[in-house]
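Working notes for the structure below.
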Amino acid sequence: MATPINNKKNQANNGIVPLTDVLFKTLSYWPWLLLSVLVCVGIGLLKVARTPSVYTRSAALLIKEEGKGKSTSAGIDQFGEFGLFSNNTNIQNEMMTFKSPDLMEEVVKRLNLDYNYYLPGRFHKIVAYGTTLPVTVSMPDLPENNGIQFSLEVSGQGKVAISDFRLLSDKKEKFDYQGTLEDTIPTIAGPLIVRPTIYFDRDRNVELEVQKIPFSAAVGSYGARLGVSQDNAQGSVINLTFSDQDIQRADAVLNTVIGVYNENWIRDRNQIAVSTSNFINERLAVIENELGNVDSDISSFKSANLVPDVGAAAAAYFGESQALGQDIMALNNQIQMTRYVRSYLSSEGVGDKPLPTNTGMENLNIQSQISDYNAKLLERNNLLAKSSEKNPLVQRMDKELSEMQGAILASVDNYMINLQTQMKGLQGMRGAATSKLASSPTQEKYLLSVERQQKVKEDLYLFLLQKREDNELSQAFSAYNSRVIKKPGASPIPPVPNKKMIVAVCFLIGLGFPFAIVYAGEIMNSKVRGRKDVEALAIPMLGEIPQVGKAGTSSRFGKILKAVRSGKNKKKEETKYEIVVKPGSRNIINEAFRVLRTNIEFSRINQEGCNVLAVTSFNPGSGKSFITVNLGDAIALKDKKVVIIDGDMRHGSASAYVGRPEKGLADYLAGNISDLSSLLVPLTPQSDRSGSLPSSEKTAYILPVGSVPPNPTELLESPRFKQLIETLKPEFDYIIIDCPPIEVVADAQIIDQFADRTIFVIRAGLLERSMLSELDRLYEQKKFSHAAFILNGTMASEGKYGYAHTYKYGYGYGYGYGYNYGS
């Protein structure tokens, strides 16, 4: 049952759309909702099928922190004094090394990654690499930063067909070529050679798409896909990841990156040892030449002068002189090595080279300073390889190296002064001993001097030979600073595309798209949508007439779907004027009019006499004529006598329900006809009713418009209209007047003077919600007699009362409104 008249005054509805209403309205369009889900999921599946799978492979390396390349074997510890492996590993620097473009350039060059090969696939091209690549292509004369693309077909007999050959810089001009395997094929970009791999099957034809991209672009592409991260901040494990469409290529890239990194590290760590080896070899060549000259001088002197052995008398003095000579020899050895080191430090070009270590100087401070200098120089060179000389860190290290070199020179100079002071003392002592041998022959003195020089050079030569062997041994024991603790590998299921995620998102989009459309439509809809929009009005509500259509056509979407299925546009139906209220009928529309009738009876103004009801609206097409006629028929079913006056003399929509008679209200008001009873037309003849009436009298009549007058307003203002109402009141229980809309003409205000109650018809989907406040204003200002309203055209569905029929009613006014009831 409809809500009774509500006299409580409230503000108008603010137009907010409850999400539950949007949900249920969207669900009412379930065929379109299902279609949206199917289309979106289908698009998602197509996206998954057309997107190449991308696999992410990973490897893990443990970086040794105790010393790059230092062996843990006890037998190698003695070589720590060489100063070759004194730096601890900096994990962040090693991570930057893995991301350096130089490293990736070497990887791309070794694996020929600037050439891409693709096999044809159903939805997308498939990368060919490793076991899936039957042939390879090379173009030795093509510049590395040029690109080409072509299709390649190789038959089992080795015939090669190249089609659509073009330069990437020129996408318009294409060429075709023919040739054989391992033969040079001339092209516009230079000679091309196609070579079979070990996986080439001569029983099968090969179809490939070959693309050679610029070398720099390949380096950038593969470098961007290489990920380097630290396992944790406290650890020394580096994780390498690489994403690619082919698992074999991804594993090959990771393995080659690790290999190139290890090779570069060994080469960098051996730079000091190589510099030391070069220094020792140079000194050995010089000393070997000098030692040969001394031997020649002794041999020549003895042969020419026949020098005898020293006599017994000079044995004691000679022994003393010999001991002093050994001390002087050792000291002279230190002086010479110190001079060599100082000469090397003062020479040009030493700034970028490591200083020689293990020179034989017994000054531990100088040896420590040289080791620190070499370590700092290696750190500077590594940083320079990754940046430039303008780097503030490089400039700061250059300054520090310059200061360290100056400190070493100062130490060497101080050490030289100390050695020379010692030498002077020993030489004085030796002079005293030599003077005691003055009586010896001059030849003996010469031989002693030359033999002493010979001994010094022999000792120095043997010392340098030993140091060279030690240096070579240190290079042989250089080990990698990293160890692979996880070989390249990962799950065979590609993380890209994420099939479940894509399908799930598309499913949600398919669900959300219709909801969004409905919600947007409701937000942009400024019309009255339903009962919730009018619940807050102060003006009483008499009832609600639902809009019900045929099964399968209860919504616009249902009609569109039906039109799509039939493949034809639905033709506009002709307007039919039929009375939907039937005796004994229990469908929704009949029950709605029965509820409306009951509410009107409860709220009737004159409980004993006749009640005059004026029915109007704000808009044409609100359905007031339809409601007027069917309401009158519903009241008549309760044995009430009802007369319906078609007060809309401009269009006469209510008159259409009885065939638009030629004589009627206009003729009576104009004074052309005085017999009112002859103008009344029975609304529903007995033969048209199903069932039986309580009495044989015709209880519902219509006073049609008759002739369309040129001055309807003046006719309504004439005394004959008042006389008409007074004449009909004693004869009828209800007089219902169908009035024009109040916003169009003034007829409704004139008729309202004779009405007990004015009923406004609000058509859902037609009246602007902003007009509801105007309706409340008219009610509060009592512009119309006991105003109330009926909500017409709300959405409803079939219920337990039976089948909902489809009827049409319309209102003209030149606007062309035609409404299918329930449509």
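Where a number appears in this text, it was derived from the coordinates with a stated rule and is not lab data. Since this is a predicted model, take the numbers as computed values, not measurements. We place every Cβ from the backbone using ideal geometry, glycine too, and count neighbours over all the protein chains shown.
Odds and ends about this structure:
- Using a simple spin-label model with pseudo-atoms 7 Å out from Cα toward Cβ, residue 270 and residue 46 lie 6.0 nm apart.
- Added length on full extension, which subtracts the Cα-Cα distance from 0.36 nm per residue, residue 520 to residue 296: 69.6 nm
- Under-5 Å amide H pairs with residue 787, H placed in peptide plane, nonlocal only: 758
- Gain on full stretching of the segment that runs from residue 586 to residue 413 - 0.36 nm per residue minus C-alpha separation: 50.0 nm
- Remark: the range 400-410, residue by residue, has Karplus-estimated 3J(HN,Hα) of 5, 5, 4, 5, 5, 5, x, 5, 5, 4, 4 Hz, where x stands for each Gly or Pro and the curve is 6.51 cos²θ - 1.76 cosθ + 1.60 at θ = phi - 60°.
- Between residue 195 and residue 19, the modelled labels are 6.5 nm apart [label points 7 Å from Cα along Cα→Cβ].
- Residues with amide H under 5 Å from that of residue 763, placed H, sequence gap 5 or more: 792
- Once both labels are positioned 7 Å from their Cα atoms along Cα-to-Cβ, the gap between residue 602 and residue 421 label points is 12.7 nm.
- Remark on residue 543: its backbone amide H falls under 5 Å from those of 791, a criterion applied only to residues 5 or more positions apart or on other chains, H modelled at 1.01 Å from N.
- Taking 0.36 nm per residue of separation and subtracting the current Cα-Cα distance, fully stretching the chain between residue 365 and residue 532 would add 50.5 nm.
- Cβ-derived FRET efficiency at R0 41 Å, residue 110 paired with residue 171, nearest 0.05: 0.85
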